[in-house]
Amino acid sequence: ISEYDTARIEAKWQAAWDQADLFRATRSAAPKYYVLEMFPYPSGRIHIGHVRNYTMGDVIARYKMSSGFNVLHPMGWDAFGMPAENAAMASGGHPKDWTYQNIDVMRGQMKPLGLSIDWSREFATCDPEYYGQQQALFLDMLDAGLVYRKNATVNWDPVDMTVLANEQVENGRGWRSGAEVERRELTQWFFKISDMAEDLLDGLTSLKDWPEKVRLMQENWIGKSRGLQMIFPMTTPVHGQDGIEVYTTRPDTLRGASFIAIAPEHPLAKALAEDNADLAAFAADVRKGGTTEEALEKAEKRGFDTGLTVDNPLGGTLPVWIANFVLMDYGTGAIFGCPAHDQRDLDFARKYDLPVIDTFVAVQDGHPVTTEAFTPPKTEAVRWLDHPTGLDITTGQAAIAATIDWAEAKGLGTGKTQYRLRDWGLSRQRYWGCPIPVVHCDACGVVPEKKENLPVVLPDDVTFDVPGNPLDRHLSWRDTPCPNCGKPARRETDTMDTFVDSSWYYARFTAPRAKTPTDLDDAAYWMNVDQYIGGVEHAILHLLYSRFFARAMGKTGHLPQGTEEPFKALFTQGMVTHAIFQTRDDKGRPVYHLPEDVDLDSKTVRATGETIEIIPSAKMSKSKRNVVDPQDIISSYGADTARWFVLSDSPPERDVEWTASGAEATFKHLRRVHRLATDIARADRAANAADTDLARATARAIHEVTEGIEGFAFNKSVAKLYEFTNTLHKSDAGAQARRDAMKILAQLMAPMTPHLAEEIWSMMGGEGFVLNTPWPKADPGLLVEDAILLPIQINGKKKSELSVSKDMPNAEVEALVLGDTIVQRALNGGQPKKLIIVPGRIVNVVI
Ligand code: ANZ
Ligand code: ZN
């Protein structure tokens, strides 16, 4: 029994927790605490990064449970999305089977970790019970004017026959098909997130417990800027247009304007294309290529001179071009080009030989424009060259404000606040997503499905043998009577972006079986999420969309007031990395070796003796053969070792490197703790003077481990626990004192290594579960270090004394001794020959 048999111990306690139904969350009078880790995508197997993420959440959850909170700690599956369809296309299976099988496998891998999850609340976003409520939510948002349809330019993959998100376009090609992406205009569904731009920006200031960098990323994404909307009159009106309205965030550079550029989709461009075949061909051609800002940034600048001109309010005229880098859905779809101060404009001007006109120079040194446009920060003062408002030296910021006032006074334009944030296009021409619950009727137009007909369930009998959306081809599903007039009509075949699914799941967890999207009483009790934990890769879209949804759900009556910011505190954890072991083949190409195939002492491949190169701390990837599988770790060492390891060594926000030797050492440590507990349980020794020392060490351990957990510095808690174990190991204290200390050690370890902690707790005769035992409090009296009186001898005779804390370091004691007035007098300005400190006992100064 004294053996540290992880399989037996862990299975035993997991069964006991289950039996006692410890993690089921129900509303109570106790204060609540909601801890949530970003739910996983069921891609196949869990990886060690998941283990780190969920262990961190579990530490918080268990710590809060022991601290008297009623904790909600749920888990679910972000289950819709392309990979399921890709797998189906590759293997001929069905996305649904693939997804639910993966969920079973991953749940099966997660349970052995001993996480304090309320599994009764589990759901997958592809469950009709979940997405049906999402459809209800969608209809209410439609009603509230938060969803609408519009024509939009999209990235179209001509091979996969689908719209691609900007992130799915790589170098102008579809990420899956590799086909050259085209720009197309399609009628798409949009969430009106831009209406909430200001509110979403404002809300950021209240998120004190979010990482500063994440708030900044959100702020930049929303991208508020103050600019000028101004009309340049056409020199000669054409097609009924007498001016071109542009939007600029740098009106201060107006003097440098050397051309006007409009988007290929601009109404004027379209009108001109009607009787200009060359222009039409150009516009069609530039539609190839993505719509991302990045794609436009990188793409070769291309333009078409319309031959038209506008009047420049500063004198003369400016030519009007059509340019591929001007977007129709930002600002007004038209710009004035200022090559001296904008890189894209400069590239364009160089190519088409347009003038480059400086409008300012840096105050210290004038700069020649070569190939780089010069744009100093808006806060930096520059010297303005012949500025229309008469400015001399001032910052861009001040000049922008002055130019807007000037333009408004002259009736040239109006100041306008603009956001980079655009409305969220949610239409996807895919099967494995939540169907958009509307019907298209020739007589009635777009008709919402009746709520009592929800969920609009995805049909199971679909095929993936041809490109395009299977729902389009599934006629018996698509054709349906109009909910309004009953005549034959067609269902919407677009499904929702999977970001919709993850934008409200946290709210659904508060009442996962409700017959409405949420239950207001449950939501009022459990919301907001007190601690959200996940990867920084979701720092922008997922969090922004969730913040939007929380607001939209408030407006449509699905969340109570005060839930506008659904995640009170956010923590973004680092990765678990692993070294790559590589050699090279005769062509110099890298060959990767599994960790178990190399000898780390001699740095060679065991089988061949070749010398390996070690690339430390690399991201795990199958192709580099440096992946560690949580399941292997659990079967060799147990879950507690895996949990302890991912928390140790590195601060949680930083990467932690998995090493075989580290895992081994962790296991040995836990085994030592187990053995120590066994010894202590058996030992019999009378109380003695060492008891107080141990009590003091215990108090300090409680204090520091708690501080570490509260401050999200789990590595510090772990370090303190190592230290405290050593202290306990070496202590000569009596049996009862050691047992008391061991019980505290079990309590302090419980959030990290819950199975071992329960085992020790029961060995020490602890009552009930360690988890249900109130978190220990450090006795403040024991935290204060003892002050002792230290006698000071000068040449062997006691002359003075010092009050110091018992374990003050010698260097500090020495400084105090040398500062003592009696010692100083005796030294008379000189240095002692010798200064002997017997710690805690006496100091002798030899003069
Ligand atoms: C003149 C100018 C001079 C500009 C200069 C920049 C620098 P932010 O600040 O990111 O919002 N712009 C406006 N509408 C555009 C569109 N539909 N497509 C492409 N570019 C567009 O960007 C605003 C700036 O981006 C605007 O300010 C405009 O160029 C350009 F030294 O006007 B600027
Ligand atoms: Zn109808």
Out of curiosity, is L789 exposed (fewer than 11 other Cβ atoms within 10 Å of the Cβ), over 20 Å from F69 (Cα atoms), among the aliphatic types (A, V, I, L, M) and more than 40 Å from the chain's Cα centre (by Cα)? yes
Looking only at the range 480-487, decide whether some residue is buried (at least 17 other Cβ atoms within 10 Å of the Cβ), part of a loop (DSSP other than H, G, I, E, B) and either within 16 Å of ligand 2 (Cβ to nearest atom) or among the aliphatic types (A, V, I, L, M) (or both). yes
Do we find that L200 is assigned to a strand (DSSP E or B) and more than 16 Å from ligand 1 (Cβ to nearest atom) in this structure? no
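This table checks each residue for (1) within 30 Å of Y130 (Cα to Cα); (2) surrounded by fewer than 19 Cβ atoms within 10 Å (Cβ to Cβ); (3) at pLDDT below 95.
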residue: D353; (1), (2), (3): no, yes, no
residue: G366; (1), (2), (3): no, yes, yes
residue: E372; (1), (2), (3): no, yes, yes
residue: V382; (1), (2), (3): no, no, yes
residue: Q397; (1), (2), (3): no, yes, yes
residue: I404; (1), (2), (3): no, no, no
residue: E408; (1), (2), (3): no, yes, no
residue: T417; (1), (2), (3): no, yes, yes
residue: P435; (1), (2), (3): yes, no, no
Quick one: what pairs do we get from the range 466-490, first residue in contact (Cβ under 8 Å) with a residue 12 or more places away in the chain and of a type in the set (V, I, T), second within 16 Å of ligand 2 (Cβ to nearest atom) and in a loop (DSSP other than H, G, I, E, B), C-beta under 9 Å, 6+ apart or different chains? T480/E449
Looking only at the range 228-249, decide whether some residue is in a loop (DSSP other than H, G, I, E, B) and within 30 Å of D386 (Cβ to Cβ). yes
Across the range 223-253, what is the total count of residues that are within 11 Å of ligand 1 (Cβ to nearest atom) and without any contact (Cβ under 8 Å) to a residue 24 or more places away in the chain? 0
G468 within 16 Å of ligand 2 (Cβ to nearest atom) and at positive phi: no
Based on what the data block shows, is T510 under 22 Å from D58 (Cβ atoms), more than 16 Å from ligand 2 (Cβ to nearest atom) and part of a loop (DSSP other than H, G, I, E, B)? yes
Consider A261 carefully, then state whether it is in contact (Cβ under 8 Å) with a residue 24 or more places away in the chain, small (G, A, S) and within 16 Å of ligand 1 (Cβ to nearest atom). yes
Please give the number of the condition T235 fails out of (1) under 30 Å from F567 (Cβ atoms); (2) surrounded by fewer than 21 Cβ atoms within 10 Å (Cβ to Cβ); (3) touching a strand residue (DSSP E or B) at 6+ places or on another chain (Cβ under 6 Å). (1)
Qualifying residue in the range 154-173 (condition: among the charged types (D, E, K, R) and assigned to a helix (DSSP H, G or I)): yes
Can you pull out every residue in the range 9-34 that is more than 29 Å from T659 (Cβ to Cβ) and outside any loop (DSSP other than H, G, I, E, B)? K12, A15, A16, W17, D18, Q19, A20, K32, Y33, Y34
Can you find a residue in the range 325-333 that is within 26 Å of T389 (Cβ to Cβ), more than 16 Å from ligand 2 (Cβ to nearest atom) and crowded, with 22+ Cβ neighbours inside 10 Å? no
Test set (1) within 28 Å of the chain's Cα centre (by Cα); (2) surrounded by fewer than 22 Cβ atoms within 10 Å (Cβ to Cβ) - G114 fails condition number: (2)
If P437 satisfies all but one of (1) under 35 Å from the mean Cα position of the chain (by Cα); (2) away from ligand 2 (no atom under 16 Å from the Cβ), what's the number of the condition it fails? (2)
All but one of (1) surrounded by 15 or more Cβ atoms within 10 Å (Cβ to Cβ); (2) touching a residue at least 60 places away in the same chain (Cβ under 8 Å); (3) more than 16 Å from ligand 1 (Cβ to nearest atom) hold for L279; which doesn't? (2)
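For (1) β-branched (V, I, T); (2) closer than 20 Å to R675 by Cβ, each residue gets a yes or a no:
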{"position": "E704", "(1), (2)": "no, no"}
{"position": "E710", "(1), (2)": "no, no"}
{"position": "F714", "(1), (2)": "no, no"}
{"position": "F724", "(1), (2)": "no, yes"}
{"position": "L728", "(1), (2)": "no, yes"}
{"position": "A735", "(1), (2)": "no, yes"}
{"position": "I744", "(1), (2)": "yes, yes"}
{"position": "T753", "(1), (2)": "yes, yes"}
{"position": "P780", "(1), (2)": "no, no"}
Quick one: would you say L346 is part of a helix (DSSP H, G or I) and either in contact (Cβ under 8 Å) with a residue 24 or more places away in the chain or more than 16 Å from ligand 2 (Cβ to nearest atom) (or both)? yes
So which residues in the range 513-540 are within 18 Å of the chain's Cα centre (by Cα) and touching a residue at least 60 places away in the same chain (Cβ under 8 Å), if there are any at all? N528, V529, D530, Q531, Y532, I533, G534, G535, V536, H538, A539, I540
If you take the residues in the range 575-595 that are over 30 Å from M56 (Cα atoms) and part of a loop (DSSP other than H, G, I, E, B), which one is nearest to the chain's Cα centre (by Cα)? R589
Name the one entry in V536, V529, V576, V598 that is surrounded by 15 or more Cβ atoms within 10 Å (Cβ to Cβ), in contact with a strand residue (DSSP E or B) (Cβ under 9 Å, 6 or more places away or on another chain) and closer than 21 Å to I193 by Cβ. V529
If we ask which residues in the range 37-84 are over 16 Å from the mean Cα position of the chain (by Cα), surrounded by fewer than 22 Cβ atoms within 10 Å (Cβ to Cβ) and assigned to a helix (DSSP H, G or I), their number turns out to be 3
Can you tell which of E664, E657, E653, E707 is over 24 Å from R62 (Cα atoms) and under 26 Å from the mean Cα position of the chain (by Cα)? E657
Condition first: β-branched (V, I, T) and part of a helix (DSSP H, G or I). Can you find one or more residues in the range 596-610 that meet it? no
Please go through the range 170-206 and pick out each residue that is surrounded by fewer than 17 Cβ atoms within 10 Å (Cβ to Cβ), modelled with pLDDT of 95 or more and among the β-branched types (V, I, T). T205
Would you point out which residue out of E129, E122 is over 14 Å from I46 (Cβ atoms), in contact with a helix residue (DSSP H, G or I) (Cβ under 9 Å, 6 or more places away or on another chain), charged (D, E, K, R) and surrounded by fewer than 20 Cβ atoms within 10 Å (Cβ to Cβ)? E122
Which one of A815, A757 is of a type in the set (G, A, S) and either crowded, with 21+ Cβ neighbours inside 10 Å or at pLDDT below 85 (or both)? A757
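The values are calculated or read from the model by the stated rules, or taken from the named source; none is laboratory data. These numbers were taken from a predicted model, which means no experiment stands behind them. Here Cβ is always computed from backbone atoms with ideal geometry, including for glycine, and neighbour counts include all displayed protein chains.
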